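The values are calculated or read from the model by the stated rules, or taken from the named source; none is laboratory data. Nothing here was measured: the structure is a model prediction, and the numbers come from that model. Positions of Cβ are backbone-derived with ideal geometry, glycine not excepted, and every protein chain shown enters the neighbour counts. These area figures cover heavy atoms from the full protein model, side chains too; ligands, DNA and RNA do not enter into them. Shrake-Rupley method; radii C 1.70, N 1.55, O 1.52, S 1.80 Å.
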Amino acid sequence: VMGTLESRGVLRRMSDMLEMLMKRMDILARLENSTDFHKGDEARFPLDRFQPAAGLMERIQAIAQNVSDIAIKVDQILRNSLLNGKVMEGRRDQCEVPRDPKYPDCAGKVEWMRARWTSDPCYAFFGVDGTECSFLIYLSEVEWFCPPLPWRNRTAAAPSPPPRPPVQAAFRSDLAHLLELIGTGKESLSFMKKRIRHLAQQWLRAARRLEQKLKGRQRDQKHILIHIGFLTEESGDVFSPRVLKGGPLGEMVQWADILAALFLLGHSLRVTVSLKELQSHLGVPPGRGNCPLTSPLPFDLIYTDYHGLQQMKQHMGLSFKKYRCRVRVIDTFGTEPAYNHEEYATLRGYRTNWGYWNLQPTQFMTMFPHTPDNSFMGFVSEELNQTEKQLIKSNKVSSMAVVYGKEASIWKVGGKEKFLAILNKYMEIHGTVYYETQRPPEVPAFVKNHGLLPQHEFQQLLRKAKLFIGFGFPYEGPAPLEAIANGCVFLQARFNPPHSSLNHEFFRGKPTSREASVSSQHPYAEDFIGKPHVWTVDYNNSEEFEAAVKTIMRTQVDPYLPYEYTCEGMLERIHAYIQHQDFCTTSSPPLPPKTKSPAMQSPPSPLVLSPNATHLVWSPRASRDPQAWPPVGSLQVWVSEPRHTCTETCRRHGLVCEPTFFRFLNKEEVFLQLSITCDSTEYEMNHLYPAVAENVHECYLQKEPLLFSCAGYNTKYRRLCPCRDFQQGQVALCRDCL
């Protein structure tokens, strides 16, 4: 009988069988259709090893058809048993759909359940058996589309357990348990654990320093799930097999550092790299993901990536919308608000394969602070003590260069022969390009190739070299920071015009335009570090390139690492985010009405003109919410030039754009305070608003708070930009943010 433990178990096993078959067929299909196995030096095994034989495919299809036939027969049996059971149910099928204006979707949902309740075994798991009453019980007690049934008051399920009493977080002094939590079975996990062990003493010293800085401040321990979606088999896990073959390691570097920081801050962690483990930890009911979780989410925060986000949405049902405010998305290149807002992205052509999640943009966390709309998560580089720095300086070989690029494909860049020939006149060039048996033909004969080196040996190479040179790709990786921290000068190409999703294939399809911001291979190194540690030149200009090489050889530089990329800097930043970022209880203030009656007086603006009358600041007389973060005292309001984003506008004034402050600017009186004439003022959805079209004196305010954005510009508008100060070496935090 539907609803019993036996039938639920049968349905669960059938569902698992179908999921496994579909998963394996999908993997086979992807391998068969993938072009990656048809080309490149990495295709060192015959393709036919991956192509399923026709007979095998037929057998799989036959099994799938048999399971489908069984499911149909079971469904028929269940329907017959339900018809017989209805006679015995009596009162249980005498329910009527309530007409309650507070629940306008109830009738439509009941109609849907009548037609589709057998489409997912999860409904039976929650007791749905095809009767009207079971539909209403489910829709009122499991979901929330219908009002509670009066006669269920005494028999309803017990209330949720009370919340756990808060436990104070205490800094940890040993990383051994974290290594156990990470688990085994993948090269990527081995790499992360090896990195954590290597940096363990630096992490522990940093944790002690931050503990002293916080002076015993109370911190609640958070229950945190870390789900690394790109390492799951369901997402393809293309990274693990390439760890030992020169594949990209940046994401795994960052995840290892996130795990270490969260653990040392004293929080309770669960780590998953499989879909089954994710479902178990979340409390996903058996079925196909259409039902909510079986119990309240046991985690305060979930750190995941885009793959994990998609998996959660597929398996959490309505619970995803309820709990998505607890998610933090590790997102290397960032997600701009225009791509995040589903309706706007669809209407304005910003829709990609990744964005449109309707999250708060600061829930996305990036590798570098290139997008102020997102939170800067970062990673760490190894920090040297004074003795090590002096030793490196004394052992530097001024005529030695190392090329940034472990994969042979990077060496295929057009025009490299010209600038490498110039460099070869002055320096001995070293490479670390992966190969198995034969030297990669893409690497010129005059380059001394060491092959793929273990991290420690690569670091020793950097400590001897004077120059670390990039070929223009990969973008924004951790290696240039490691090189600079080991006393190298980083030389990179200037992009003219700057690369973006509008003109470069790599960024196309990513949920960020990066308009005018990717002016070099590593914009952070160019903008936040600069000379003498970083040189950005035109590789197509031989004279400029040669002059830079000569100057670099003569220039003495000390090893340098920005504070925000030290262990202490990352611990400090993540601590601040956990303490202050709350996307579940904070909400944007209501937008003012378009028209106001004389009786409706707006409260006085908390902003005042600065003493030199160039911008607005928070009035000393205005009240300040002590819970507001960042503190409003750091706010400055500047007006952009037509060709500048708010990110660029704030940077030109030595500040950082702070999107959480847009709500204070989105008012008509702010235009007046800045002496901007508005013949008309409109509320519209546009990621460039608030802004003014000065030539026609038209002012625009933002209608959708999720679209407040530091990114974007249009020559038609001058934008109102919220800027704030920042700590030296810690751009994510204002001076009073900690």
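Summary of values
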{"read-out": "The stretch 312-331, residues that are open to solvent by 30 Å² or more (accessible area, probe 1.4 Å), farther than 19 Å from Pro511 by Cα and free of Cβ contacts under 8 Å to residues at least 60 places away in the same chain", "value": "Gln314, Lys321, Lys322"}
{"read-out": "Candidates Thr346, Thr352, filtered to the one that is among the β-branched types (Val, Ile, Thr) and assigned to a helix (DSSP H, G or I)", "value": "Thr346"}
{"read-out": "Those residues of the stretch 655-683 which are free of Cβ contacts under 8 Å to residues at least 12 places away in the same chain and either of a type outside the set (A, V, I, L, M, F, W, C) or more than 15 Å from Val637 (Cα to Cα) (or both), in sequence order", "value": "Ser675"}
{"read-out": "Any chance Ser188 is in a helix (DSSP H, G or I), assigned by the TED database to the domain that holds Phe239, touching a residue at least 12 places away in the same chain (Cβ under 8 Å) and not hydrophobic (A, V, I, L, M, F, W, C)", "value": "yes"}
{"read-out": "Given (1) in contact (Cβ under 8 Å) with a residue 40 or more places away in the chain; (2) open to solvent by 50 Å² or more (accessible area, probe 1.4 Å), index of the condition Val238 fails", "value": "(1)"}
{"read-out": "Inter-residue pairs, beta-carbon under 7 Å, first under 21 Å from Pro511 (Cβ atoms) and in the stretch 696-720, second buried (at least 22 other Cβ atoms within 10 Å of the Cβ) and charged (D, E, K, R), 6+ apart", "value": "Ser709/Glu336; Ser709/Asp373; Cys710/Asp373; Ala711/Glu336; Ala711/Asp373"}
{"read-out": "Pairs, first without any contact (Cβ under 8 Å) to a residue 12 or more places away in the chain in the stretch 434-462, second surrounded by 15 or more Cβ atoms within 10 Å (Cβ to Cβ) and among the polar types (S, T, N, Q), C-beta under 8 Å, six or more apart", "value": "Arg439/Asn449"}
{"read-out": "Per-region count, the stretch 712-731, residues touching a Lys or Arg at 6+ places or on another chain (Cβ under 8 Å) and either basic (Lys, Arg) or open to solvent by less than 20 Å² (accessible area, probe 1.4 Å) (or both)", "value": "1"}
{"read-out": "Of all residues making up the stretch 553-563, the number that are touching a Lys or Arg at 6+ places or on another chain (Cβ under 7 Å) and surrounded by 15 or more Cβ atoms within 10 Å (Cβ to Cβ)", "value": "2"}
{"read-out": "Matching helices (runs of 4 or more DSSP H) fully within the stretch 192-283 where at least 2 residues are touching an Asp or Glu at 6+ places or on another chain (Cβ under 9 Å)", "value": "200-214, 250-264"}
{"read-out": "Verdict on Gln363 being more than 18 Å from Ser501 (Cβ to Cβ) and open to solvent by 10 Å² or more (accessible area, probe 1.4 Å)", "value": "no"}
{"read-out": "Unmet criterion (only one of (1) free of Cβ contacts under 8 Å to residues at least 40 places away in the same chain; (2) open to solvent by less than 60 Å² (accessible area, probe 1.4 Å); (3) at positive phi) for Gly334", "value": "(1)"}
{"read-out": "Among (1) open to solvent by less than 60 Å² (accessible area, probe 1.4 Å); (2) assigned to a loop (DSSP other than H, G, I, E, B) - the single one Lys389 does not satisfy", "value": "(2)"}
{"read-out": "Any hit, the stretch 648-661, residues being open to solvent by less than 40 Å² (accessible area, probe 1.4 Å) and more than 21 Å from Pro705 (Cβ to Cβ)", "value": "yes"}
{"read-out": "Subset of the stretch 652-673 [assigned to a helix (DSSP H, G or I) and either closer than 19 Å to Thr362 by Cα or acidic (Asp, Glu) (or both)]", "value": "Pro659, Thr660, Phe661, Phe662, Arg663, Phe664, Leu665, Glu668, Glu669"}
{"read-out": "Residue selected from the stretch 191-220 under the condition without any contact (Cβ under 8 Å) to a residue 40 or more places away in the chain and among the polar types (S, T, N, Q), by the criterion least open to solvent (accessible area, probe 1.4 Å)", "value": "Gln201"}
{"read-out": "Count of residues meeting criterion [of a type outside the set (Phe, Trp, Tyr) and touching a Cys at 6+ places or on another chain (Cβ under 6 Å)] in the stretch 177-233", "value": "2"}
{"read-out": "Those residues of the stretch 464-499 which are in contact with a strand residue (DSSP E or B) (Cβ under 6 Å, 6 or more places away or on another chain), of a type outside the set (Val, Ile, Thr) and not in a strand (DSSP E or B), in sequence order", "value": "Lys464, Gly472, Ala479, Pro480, Ala483, Cys488"}
{"read-out": "Some residue of the stretch 417-426 being surrounded by 15 or more Cβ atoms within 10 Å (Cβ to Cβ), on the phi < 0 side of the Ramachandran plot and part of a loop (DSSP other than H, G, I, E, B)", "value": "no"}
{"read-out": "Asn686 being free of Cβ contacts under 8 Å to residues at least 24 places away in the same chain, assigned to a loop (DSSP other than H, G, I, E, B) and surrounded by 15 or more Cβ atoms within 10 Å (Cβ to Cβ)", "value": "yes"}
{"read-out": "Residue that is farthest from Leu301 (Cα to Cα), among those in the stretch 241-280 that are surrounded by fewer than 22 Cβ atoms within 10 Å (Cβ to Cβ), of a type in the set (D, E, K, R) and at pLDDT 95 or above", "value": "Lys276"}
{"read-out": "Verdict on Cys106 being open to solvent by less than 50 Å² (accessible area, probe 1.4 Å), modelled with pLDDT of 95 or more and closer than 16 Å to Pro147 by Cβ", "value": "yes"}
{"read-out": "Any hit, the stretch 221-235, residues being under 30 Å from Thr432 (Cα atoms), hydrophobic (A, V, I, L, M, F, W, C) and open to solvent by less than 10 Å² (accessible area, probe 1.4 Å)", "value": "yes"}
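For (1) modelled with pLDDT of 95 or more; (2) outside the structural domain of Val518 (by the TED database); (3) within 18 Å of the chain's Cα centre (by Cα); (4) under 30 Å from Pro162 (Cα atoms), each residue gets a yes or a no:
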site: Ser295; (1), (2), (3), (4): no, yes, no, yes
site: Leu301; (1), (2), (3), (4): yes, yes, yes, yes
site: Met316; (1), (2), (3), (4): yes, yes, no, yes
site: Arg326; (1), (2), (3), (4): yes, yes, yes, yes
site: Gly334; (1), (2), (3), (4): no, yes, yes, no
site: Arg348; (1), (2), (3), (4): no, yes, no, no
site: Asn353; (1), (2), (3), (4): no, yes, yes, no
site: Tyr356; (1), (2), (3), (4): no, yes, yes, no
site: Gln360; (1), (2), (3), (4): yes, yes, yes, yes
